[in-house]
Amino acid sequence: MATTDEDRRPKYQRIADSLREAIQSGDYGPGDRLPGENDLMATYGVARMTARQALSVLRDEGIAEARKGAGVFVRAFRPLRRRGIDRLASGQWGDGRSVWSADIENRALEVDRITVSEESAPDRVSTVLDLPSDTMVCVRRRRYVLDGKPVLLATSYLPLPLVAGSAITQQDTGPGGTYARLAELGHEPVHFREEVRSRMPSQHEAAQLSMAAGTPVLLVCRTAFTDEGQAVELNEMTLDAASYVLEYDFDASPQRRDS
């Protein structure tokens, strides 16, 4: 009898695939308890370590989460759909709304652990913002918590000579946030560039985002430009990859310019 690719997969992987399919088909919904190690051992005739590995696969993928003393459950958190184009439209922050209002619908968003400081620009920041070395920048660090789950760490760098004395240097930047304040200062962002990468998180990032072991992070680096092509903000964001869907909806029109 011919051996199929599926037969050659480790048993724990086959069990994990079966459980994943059951979750995707709706047999197990958000918050439902998955079969435990003893159940999997009896159903599939495998050792405890094999059953444990199968459940670990789902936890590492962010599909399931372990609750101490209770078992492994289908993750109930609904991923955030980050609408990369709509959220940066001037109609958002220009009308006093947060860029997040394009993403969160009626969900509860909290921004905590906000710090604002004046620091010497790191070399990578000076390069992107086209600043002389050792120029002071305003640094805004935030953590975003959605429905009680930390999902994003963000650090923004803005040239201090540009924003000194404005609400941008305060914890609460006011309606419309940083971009609305930049517009009031005569430096309205009209063009954005985002770069997206992925890697495994550092221990600090994993702790800050309360991430399950094995879950990667998405790194989104956004630069905001004025109509004259001046870079006025560099925002480095670290996203829990299991908490996000990145959505980009745009027309097939010529590129506006190279910045």
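Details
- Phi-based couplings in Hz for segment 15-23 (Karplus 6.51, -1.76, 1.60; Gly and Pro marked x): 5, 4, 4, 5, 5, 4, 4, 5, 5
- Extending 7 Å from Cα along the Cβ direction at GLU195 and again at ASP134 yields two label points whose distance is 2.6 nm.
- The coefficient of translational diffusion for segment 106-203, derived via Stokes-Einstein from the alpha carbon Kirkwood radius under 10 °C and 1.306 mPa s, stands at 105 µm²/s.
- In segment 5-74, Rg over Rh equals 0.94, where Rg is the alpha-carbon radius of gyration and Rh the Kirkwood radius from pairwise Cα distances.
- Size descriptor for the chain, Kirkwood hydrodynamic radius: 20.9 Å (Cα pairs only, one decimal).
- Placing dummy labels 7 Å off each Cα toward the beta-carbon, the span from GLU205 to LEU219 is 0.6 nm.
- Length released on extending from GLN170 to ARG113, taking residue separation times 0.36 nm less the Cα-Cα span: 19.2 nm
No value in this document is a laboratory result; all are computed from the given coordinates. Just so it is clear, the model here is predicted, and its values are computed rather than measured. With ideal geometry, Cβ positions are generated from the backbone for all residues, glycine too; neighbour counts draw on all protein chains shown.
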